[in-house]
Each structure stands twice: as C-alpha cells, then as structure tokens.
Amino acid sequence: MRTALLLTLWAFFVTAVSRLVTAILPGMSAAALALLGMLFSAAGFGAAAYLGLYVLDGRHEELIPRRVLSPAQMMWYALLGVLMTAPASLCQDVLLSIFGIAAEAGGAAMDASAFLLMMIRSALLAPMLEELFFRGYLQGVLVRYGKMQAVAAVSLVFALMHGDLLILPHAAVGALLGLIVLKTDSILASMIVHGCYNLTILLLSYLGLDGLFAGLSMLSCALRVGLTLAFVYALRRAWTARVVRLKFELPKIDQWEKGRMPLSRREMALVCGAAAAVLLAAMITGVSA
C-alpha cells in the first residue's frame, strides 16, 4: 500500500509539472504540445506503472487482468468509447450550468500538421499507460479492500489527475473503466474504451464539430441525448457479449535484457507493417514534426 501511495504521488507530481510547463509556455504549437504530452505520460504514468508492476511490487502476472477479448467484445467496447463522449460532455455542461459557468462552444479546427502526433499521444500512448497504472496496478493493489471500494478510489484519483473544474464526469468515466475491467477481467477492454473515447474527442476537434457537443442548445442536447441512449444500448451489448476464457502472455522483461525478442516473427512483421503504415500516412499528410 505504501508503494502504491508513493507511485500515485509521483504521477500527481509529473501531471502537475506538465500543466505548469503548458501554462508558462502558452505559445507552443500543437505538435510540440503532443510531444511534450508523450514525454510526461511516459515519465508519469508509464514509469509509475512499470515500477509498480515489475520492480517495486513485481506482481505483474497477478495484477494485470489478462483475459483475451472476443471479436464481439472488442467491437462493442470500441463503440462504447466512441459514444461515451455524449453522456460525458452533457453531464459536464449540465454541471457547468448549475454552477453558473458558461460552457465553451468549441474551438477552432485542429492543425492537420499535428493531428498524427496528437492521435498517437491521445488515442494510443495515453490510454495504454494510464490504464496500466490506474486499472492495472492501482486498482489491482486496492482490490484487497473490496472491488467496489477499489473502483471508487481509483476513479477519484483518475478524476483528480485530469484536473478539470468539475471532476464528476471524469470520475464517472473512471468508474466505468474500472467496472469494465472487473467485468471482463481484461485490461485490453478499458484500453479500447479509453482510446476510442480520446480518439473521438480528437476527431471532433480536428473536424471542427466539437461545438455540437458543447453548450445546452436544443440541437446539442437532442443529439447527445440520442447518442446517450445508443451508449446505454452498446453498454448492454458489451456486457452480454461472448467471453473468451484464454489469457494473453505478458512480455518477459528479462528476455529484452538478454537480447531475446518476446515476439514471434509474425508479430514482428505486424509491428513493422504498422510502423510502415504510420510512415506512409506521415508522407501522404505531410506530417513530419
């Protein structure tokens, strides 16, 4: 428990430094902010997850939920992450209205030159590292005090680290992610939901459509209420989707240290193919920063 507290304080510290640097350097480009975000995510959540799971605690095989997801589960949890933007933003705008704070009506469309970097940071790196720390390590350590107690505590820490004026929407998102991990016994499920949620917010900003998900206009409310109903349906289907009993194997850190790759040739080919696709996308879109 002492280790979990120290690592949580470390993650809090790195998050606070990240916000401070962003505040004192307001003229930074979106690409620079994305690179800075990757660095702080790795230094904060990535380092805390690694130290907790592999070094200080060392119970990574026990703490990380490793059940394989069925294709139906992956599809419904991905859709769940996409639709979650509607109830989360609606809840936040209602709370802002109650406290007499005007909601932002959406900003300018995102610069295309930084979109790829932002996508890698927000939809890939951040969900993986945050879920490994919050739902992989921290929730796994606290579950001895009760499953629901662990979900509640981790969701509160999750909301505080995301640090908006009103923490309830983030706490609700964190609680849902924690419950999904308990239901599926898979860290992959929460990573998929978290990644698709972040990706949807990023795409809405890039396309200039985020104004439809801000404020309490008739059109915005009607759109988000409809999507919230779809979200409830997707949650029900995800909850009842077919379950796979298999568990995936975690990479062995000592294999990397001894120079042995923990991936098969086919897996390495897929990784290289994905890297080639990213480079191709960078060349086509002109993203080089």
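Structure above, values below:
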| item | result |
| --- | --- |
| Label point distance in nm, Tyr54-Ser29, each placed 7 Å from Cα along Cα→Cβ | 3.3 nm |
| Arg121, Arg135, Arg2, reordered so the largest accessible area comes first (probe 1.4 Å) | Arg2, Arg121, Arg135 |
| In nm, spacing of pseudo-spin labels at Ala230 and Leu270 (7 Å Cα→C-beta vector) | 2.9 nm |
| Gain on full stretching of the segment that runs from Met1 to Leu95 - 0.36 nm per residue minus C-alpha separation | 30.4 nm |
| With all protein chains modelled, accessible area of His60 [1.4 Å, Å²] | 40 Å² |
| Surface accessible to a 1.4 Å probe, Glu61 within the full protein complex, Å² | 70 Å² |
| FRET E, pair Val243, Glu62, Förster distance 22 Å, beta-carbon r, rounded to 0.05 | 0.60 |
| For region 34-78: rounded, prolate or oblate by the Cα gyration tensor [a/c cutoff 1.5] | oblate |
| Normalised contact order of region 1-106, rounded percent, pairs of Cα under 8 Å and 6 or more residues apart | 24 percent |
| Leu142 - accessible surface, heavy atoms, 1.4 Å probe, Å² rounded to 10 | 30 Å² |
| Where Val68, Val55 fall by accessible area, highest first, once all protein chains stay in place (1.4 Å) | Val55, Val68 |
| Solvent exposure of region 1-109 as accessible area per residue, Å², 1.4 Å probe | 51 Å² |
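The values are calculated or read from the model by the stated rules, or taken from the named source; none is laboratory data. Note that the coordinates shown come from a computational prediction; the quantities given were computed from them, not determined experimentally. Note: ideal-geometry Cβ built from the backbone for every residue, glycine included; neighbour counts use all protein chains shown. The protein model used for the area step is the full one, side chains on, heavy atoms only, and it has no ligands, DNA or RNA in it. Shrake-Rupley method; radii C 1.70, N 1.55, O 1.52, S 1.80 Å.
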